[in-house]
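None of the figures in this text is laboratory data; all of them are computed from the coordinates on show. All figures in this text were calculated on a predicted structure; none of them were measured in a lab. Cβ sites come from the backbone with ideal geometry, for glycine too, and all protein chains shown count toward neighbours.
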Amino acid sequence: LDYNQWVSVLKLSMMWDFMGLCNASIRHLDCPLRPLDPISKVGLASQYNIEEWLLPALLVLA
């Protein structure tokens, strides 16, 4: 799946409370081979309450 598809998986899995699928989408979006830019991470972290992404992404932007 590409970035947009994984974001869709994240959105739907959060909406339907499928935590296993939610965690899988977070792992795929946080892949070190295709790192997300910090602005995208802050946006996704805020929108989907991914606490472990928020502070590190904000520190990169600081």
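Any residue in the range 40-62 that is in a loop (DSSP other than H, G, I, E, B) sitting within a Cβ distance under 7 Å of a residue that is of a type outside the set (A, V, I, L, M)? List the pairs, counting only those 6 or more apart or interchain. Sorted first by the residue in the range 40-62, then by its partner, the list stays empty. Y3 satisfies every condition listed in (1) among the hydroxyl-bearing types (S, T, Y); (2) surrounded by 15 or more Cβ atoms within 10 Å (Cβ to Cβ); (3) in contact (Cβ under 8 Å) with a residue 24 or more places away in the chain except (2). Comparison of I50, I26 shows that the only residue that is on the phi < 0 side of the Ramachandran plot and touching a Phe, Trp or Tyr at 6+ places or on another chain (Cβ under 9 Å) is I26.
Here is a check on your reading of the model: is L21 over 23 Å from L61 (Cβ atoms), hydrophobic (A, V, I, L, M, F, W, C) and surrounded by 13 or more Cβ atoms within 10 Å (Cβ to Cβ)? For L21, the condition - over 23 Å from L61 (Cβ atoms), hydrophobic (A, V, I, L, M, F, W, C) and surrounded by 13 or more Cβ atoms within 10 Å (Cβ to Cβ) - is met.
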